[in-house]
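Student: Have a look at this one.
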Amino acid sequence: VVVLITDLLHIAKKREREVEHAKIIVDACKEAGTHHVILCSNNFAECGPQAANHLGSKGEMEAYLKKESGIACYTILRPGSFFENFDDPVNMNPLKRGNLSDLYDADSRVALVATRDIGKAAVLVADNPTEWNGKTLDCVASLKSGNECAAILSEVSGVPCTYKPAPPRFILKFLLPDLYHMVRYVSDGMPGYDCSDDIKRFRSLIPDAMGPKEWFTAKGCWSDGSKFNEPPPPESNRSIAVYVLLSMPIVILAIVVALELRK
């Protein structure tokens with residue numbers, strides 16, 4: 001069994017290169033006689049905006065696997081947005097005490113899933129290749145807005161939390177257009193996409209799939225390691241200085257973009 005996962009934003013960089021990566025792996029699976037290929041796609045692969053390249057690329061990869069690859073046994077998983085994005089220090093979005101951030105507007109309802117549960121779905125279909133051959137499973141466990149998730153985090157952590165989208169929309173538009181088009185699609189209500197039945201189906205297959213409350217409870221701490229429902233550690237002057245230094249590039253970038261918009 002091969003579980004195929006590609007990455008446009010950090011590795012491939014370009015849509016056509018991500019599709020090429022997938023084709024190379026699928027062709028290698030065909031040549032090696034792989035019994036079952038499981039493609040990790042995206043829940044917007046069919047209905048999302050083509051301008052969001054990391055969504056459109058998944059549609060191309062699905063089409064190749066289904067129609068051109070010659071793979072005899074395959075399954076497609078289509079995950080929603082990851083809960084893990086709420087605590088993502090690598091991409092400058094750590095889960096800080098009292099704050100919750102993601103790409104989307106505060107009132108936009110987002111299809112969410114824990115990466116743990118995507119893994120469980122992959123094991124399920126891998127253990128039952130005949131039953132899942134040629135089928136697609138949307139991996140979505142919850143539909144919540146940022147504000148709703150912040151309220152749940154407040155309950156779980158014992159700290160009043162507020163949600164804000166990050167980075168600001170104008171930064172997405174100029175520097176990360178791929179994500180900008182996806183965020184706009186979600187803000188517009190995800191036309192052509194209805195995950196209510198997908199959530200019921202996924203939860204019937206993965207009964208312990210996490211929603212926001214379960215995910216925050218399992219996490220149990222802020223990004224700095226301090227536990228929920230415990231007082232914050234004393235903050236040193238050094239930590240404050242580090243925060244100031246780290247925020248300076250963002251401030252400078254915002255100023256540059258603002259000046260460009262005024263031209």
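The values are calculated or read from the model by the stated rules, or taken from the named source; none is laboratory data. The shown structure was predicted, so the numbers you read here are calculated from the model rather than taken from an experiment. So basically every Cβ, Gly included, is an ideal-geometry build from the backbone, and we count neighbours across all protein chains shown. Side chains included, ligands, DNA and RNA excluded: accessible areas come from the protein's heavy atoms. Shrake-Rupley method; radii C 1.70, N 1.55, O 1.52, S 1.80 Å.
Student: How large is the charge dipole for the chain, taken about the Cα centre, if only the Cβ atoms of Lys, Arg (+1) and Asp, Glu (-1) carry charge, to the nearest 20 debye?
Tutor: The calculated dipole for the chain is roughly 500 debye.
Student: Continuing with this model, one more query. Here are some pairs, 96/173; 173/213; 66/144; 58/213; 58/120; 23/173; which of them have Cα atoms lying more than 23 Å apart in this structure?
Tutor: 96/173; 173/213; 66/144; 58/213; 23/173
Student: Could you give the size of the charge dipole of region 46-143 about its Cα centre, using +1 on the Cβ of each K and R and -1 on the Cβ of each D and E, expressed in debye and rounded to the nearest 20?
Tutor: That gives a dipole near 100 debye.
Student: OK, next. Can you give the translational diffusion coefficient of the chain in µm²/s, computed by Stokes-Einstein from the Kirkwood radius over Cα pairs at 20 °C and 1.002 mPa s?
Tutor: In µm²/s, the coefficient is 107.
Student: Report the net charge of residues surrounding residue 136, where surrounding means a beta-carbon distance below 12 angstrom and charges are Lys +1, Arg +1, Asp -1, Glu -1.
Tutor: +1
Student: Among 73, 92, 190, whose Cα projects farthest towards the positive end of the dipole of the chain, with charges put on the beta-carbon of Lys, Arg (+1) and Asp, Glu (-1)?
Tutor: Highest projection toward the positive end goes to 92.
Student: As a test of the formula, what do you get for the chain when each DSSP H run with n ≥ 4 contributes -39,500 (n - 2.57) and the sum is divided by the residue count, at 222 nm and rounded to the nearest 500 deg cm²/dmol?
Tutor: Helix-only estimate at 222 nm: -14000 deg cm²/dmol.
Student: Solvent-accessible area per residue for the chain at a 1.4 Å probe radius, Å²?
Tutor: 53
Student: With a point put 7 Å past each Cα toward its Cβ, work out how far residue 1 is from residue 201 in nm, to one decimal.
Tutor: Once both label points are built, they end up 1.9 nm from each other.
Student: Hey, another quick one. Would you calculate the separation in nanometres between label points at residue 47 and residue 24, each defined as 7 Å from the Cα along the Cα-to-beta-carbon direction?
Tutor: 3.4
Student: Place +1 on the Cβ of every Lys and Arg and -1 on the Cβ of every Asp and Glu in the chain, take the dipole about the Cα centre, and give the residue among 165, 143, 64 whose Cα lies farthest towards its positive end.
Tutor: 165
Student: Provide 38, 25 ordered by accessible surface of protein heavy atoms (probe 1.4 Å), highest first.
Tutor: Largest accessible area first, the residues go 25, 38.
Student: List the DSSP H helices in the chain whose Cα atoms stretch 20 Å or more along the helix axis and whose mean Kyte-Doolittle hydropathy is at least -1.0.
Tutor: 15-32, 237-262
Student: Could you work out the relative contact order of the chain, using alpha carbon pairs under 8 angstrom and six or more residues apart, expressed as a whole percent?
Tutor: 19
Student: To the nearest 0.05, what FRET efficiency results for residue 131 and residue 13 with a Förster distance of 22 Å applied to their C-beta separation?
Tutor: Computed FRET efficiency for residue 131 and residue 13 comes out at 0.05.
Student: While we're looking at this one, here's another question. What does the net charge come to around residue 206 if you take all other residues with beta carbon closer than 11 Å to its beta carbon, with K and R at +1 and D and E at -1?
Tutor: Net local charge, residue 206 excluded: +2.
Student: Please state the charge dipole magnitude for region 90-129, taken about the Cα centre, from unit charges on C-beta atoms (+1 on K and R, -1 on D and E), reported in debye and rounded to the nearest 20.
Tutor: In total the dipole reaches around 200 debye.
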